[in-house]
Amino acid sequence: MSGSATGPGEVEILAVRGELDLATADSLYRRARAAINGRARVLLLDLTGLSFCDAHGLSAFVRIANDADAAGCQYGLIAPQPNVAKILRITGLDTRLHILTSLDRPGTGRHQGNSPRTPSCGGEHASRNPFLGGAPCGFSGPLR
């Protein structure tokens, strides 16, 4: 697993690439914990480059979510690849963790111009995106 971060600030995005497993999950947890301790109000894990996730990776996602909850930090996973999305669905973690379909402008399906990236669900639901202060998007469910 490799990664990068944007921030620090109110919104912290950690890019997760490669494989998330026994050898790498704790590193991700430490990076996320540092962002939460750094007073991030929103922590997003960009999973577009994550090719594999085992039980240790899933555990790291849950631990991060629990720590974010305790700190009052909103937390979400962005655009997991189909195999990662499948394991989240099979384990039921897709109902516990907030999953966004992209890191783009709301409802556009792509990043446009020099405007800042924002999480988007592509607009397939009627709810409002809490990461965007309630702007329409498609994210559903309360933040944890």
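What follows is calculated from the coordinates using simple rules that are stated; it is not laboratory data. This is a predicted model, so every value here is computed, not measured. Please note: Cβ atoms are built from the backbone with ideal geometry, for glycine as well, and neighbour counts cover all protein chains shown.
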*Write down the radius of gyration of the range 28-78 and its Dmax, each obtained from C-alpha positions, in Å.*
10.5, 29
_Karplus-derived 3J(HN,Hα), 6.51/-1.76/1.60, for each residue of the range 88-101, Hz, glycine and proline x_ = 5, 5, 4, 7, x, 5, 5, 8, 8, 9, 8, 10, 10, 7
*If amide H atoms are built 1.01 Å from N in the plane of the peptide, which residues on other chains or at least 5 residues away come under 5 Å of the amide H of C53?*
L20
*Two-decimal Rg/Rh across the range 2-100, once Rg and the Kirkwood Rh are taken from alpha-carbon atoms*: 0.92
*Net length gained if the chain between F52 and N37 were fully extended (0.36 nm per residue, minus Cα distance)*: 2.7 nm
_Can you compute 3J(HN,Hα) from phi for each residue in the range 55-69, using the Karplus curve 6.51 cos²θ - 1.76 cosθ + 1.60 with θ = phi - 60°, rounded to whole Hz and x for Gly and Pro?_
4, 5, x, 4, 4, 4, 4, 5, 4, 5, 4, 5, 5, 4, 4
*Go through the range 39-53 residue by residue and turn each phi into a ³J(HN,Hα) via Karplus (6.51, -1.76, 1.60, θ = phi - 60°); whole Hz please, and just put x for glycine and proline.*
6, 4, 8, 9, 10, 10, 9, 7, 9, 4, x, 8, 9, 8, 9
*Given R₀ = 25 Å, FRET efficiency for E10-I90 by Cβ-Cβ distance, to 0.05?*
0.15
*asked:* Only sites in a loop by DSSP and with at most 13 other Cβ atoms within 10 Å count here; which trypsin sites (Lys or Arg not before Pro) in the range 1-93 make the cut?
replied: R39
